[in-house]
Amino acid sequence: MEIQRLADQIDRLITLDLPFRGVIDVLYPSARERAGEPLAMKAAKELHRLLKAKDVVLIATGWPDRPHISPEIAETDGPPGAAALGRALHRGLKVIPFFLIEENLVGPMERVVQSAGFRVLPPKETIAAGDSPSAIHAAAVLGFPSESKRAKKKATLLMNTFKPAAVIAIEKGGMNEKGIVHTSRGHDTTEPMAKIDFLMEEAIHRNVLTLGIGDGGNEIGMGNIREEIKQKLPFGDKCLCPCGSGIAPVTQTDLLVTATVSNWGAYGVSACLAILLKKPDVLHDPETERRILEQAAGAGFIDGISGFVEPGADGLAAEVHCQITSLLNLIVKKGCSS
Ligand SMILES: [Zn+2]
């Protein structure tokens, strides 16, 4: 009962429509109805139930959002959330996070991951760090292809080699029934996007736990509420690209977390995990949040709305993200002391 109340407040906080975009008011009620309980806590409970120490967890993110200028330009919503959730899963459950991003964005992502406290190492060393007698917290950052044929091969290879216990996608474009990935404004952005749909398909096929986190209705995981997106979102069933089939993705995940900013969805899951484990430091603090956002900007990620290289996300300044993190910490503290 108490956990349910805390879980409700966390969902409410991460779905506050501060950018006044209107989208979360469509996505959240649909996802919540389908899940039958608060979204972030449901995800945290499943991760807690199924993951054990030294399990590899794949966390995919990255949104190249000015591909007409350069495929090197990607946004600050996604990578900080991925790094923070990886940090929470590692601290809370001792899992080994492997981050996946577009092949040309591995360098910038490494910087974001290190800002969350990880030493980025190649896969073999990262796994070996799990057995180190002296503390070393390692994570791997791997490129995932945007080209479909290579993406399918890579998906099979990753699943066979590392046998991940969960696959998570945060702010990752998802394909519609025609294989087209769209911006929330209804345009085709298939080409630069790493084709994580194929990895999710593999995971689903092998009964590996899948989680999608998104904020626009066009991300992996939104297949869970596809009908509602088609009916209620602009471009839901009719996009502006020649495919004409709308932005609603097809890939479904076991768990879906919708939030105002995808990063907040990841923070919400981290907060719920902290409460379940009664370990407040599983959720990062506002100071760490600022550091992660500053490193993301330092690595060249842009705010997708303002277009500036600055330590914010989705048009909201760093201060707002730190305040959301601070309020989540307040709820976690309450949850851990009750
Ligand atoms: Zn289209």
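Hey, what's the Kirkwood Rh for region 179-338 if you take every pair of different alpha carbons, in angstrom? Present the calculation step by step, with values, prior to reporting the outcome.
Working: mean 1/r = 0.0580 Å⁻¹.
It is 17.2 Å.
Separation of region 1-69 and region 279-315 by C-alpha centroid, Å?
One Cα centre to the other: 18 Å.
With an 8 Å cut-off on Cα pairs and a minimum separation of 6 or more residues, tell me the relative contact order of the chain in percent.
Reported relative contact order: 24 percent.
Give the Kirkwood hydrodynamic radius (Å, one decimal) of the chain, defined as one over the mean of 1/r across all pairs of different Cα atoms.
That comes to 19.2 Å for the chain.
Using R₀ = 25 Å, calculate the FRET efficiency as 1/(1 + (r/R₀)^6) where r is the Cβ-Cβ separation of D25 and Q4; round to 0.05.
Once rounded, the FRET efficiency stands at 0.70.
Checking the table K42/K333; K54/K149; K94/K153; K94/K163; K153/K230 against a 25 Å threshold on Cα-Cα, which pairs fail?
In this structure, K54/K149; K94/K153; K153/K230 exceed 25 Å between Cα atoms.
Return the percentage of antiparallel bridges among DSSP beta bridges fully within the chain, rounded to the nearest 5 %.
The antiparallel fraction comes to roughly 15 percent.
Which of the trypsin sites (Lys or Arg not before Pro) found in region 192-263 are in a DSSP loop and have at most 16 neighbouring Cβ atoms, other than their own, within 10 Å?
Working: sites: K195, R206, R226, K230, K232, K238; in loops: K195, R206, K238.
Passing sites in region 192-263 are R206, K238.
Amide H to amide H, which residues 5 or more places from L209 or on other chains are under 5 Å from it, using H placed in the peptide plane?
Result for L209 returns V167.
With a point put 7 Å past each Cα toward its Cβ, work out how far A128 is from E294 in nm, to one decimal.
For the pair A128/E294, the computed spacing is 3.3 nm.
Just in region 240-338: which trypsin sites (Lys or Arg not before Pro) are loop by DSSP and have at most 13 other Cβ atoms within 10 Å? Kindly include the intermediate steps, with their values, before the conclusion.
Numbers: sites: K278, R290, R291, K333, K334; in loops: K278.
Passing both the DSSP loop test and the Cβ count: K278.
So which residue, out of A88, A266, A129, gets the largest mean-square fluctuation from a GNM of the chain using Cα contacts under 10 Å as springs?
A129
Got a sec to turn the phi values of region 182-187 into Karplus ³J(HN,Hα) couplings, 6.51 cos²θ - 1.76 cosθ + 1.60 with θ = phi - 60°, whole Hz, x for Gly and Pro?
Values, residue by residue: 10, 6, 5, 8, x, 9 Hz.
Based on the alpha-carbon set only, what is the convex hull volume of region 262-338 divided per residue, in Å³?
That works out to 69 Å³ per residue.
Name the residues whose placed amide hydrogens come within less than 5 Å of the amide hydrogen of I305, ignoring near sequence neighbours (fewer than 5 apart) on the same chain.
So I305 has HN proximity to D314, G315.
Pull out the extension gain between S148 and R34, defined as 0.36 nm times the separation in residues minus the alpha carbon to alpha carbon distance; nm, one decimal.
38.0 nm
Gaussian network model of the chain, Cα springs within a sub-10 Å range: biggest mean-square fluctuation belongs to which of G221, G86, G304?
G304
Taken together, the values in this text are just the output of simple stated rules run on the coordinates, not laboratory data. Quick caveat: nothing in here was measured; it's all calculated off a predicted structure. FYI the Cβ positions are ideal-geometry reconstructions off the backbone, even for glycines, and counts take in every protein chain you see.
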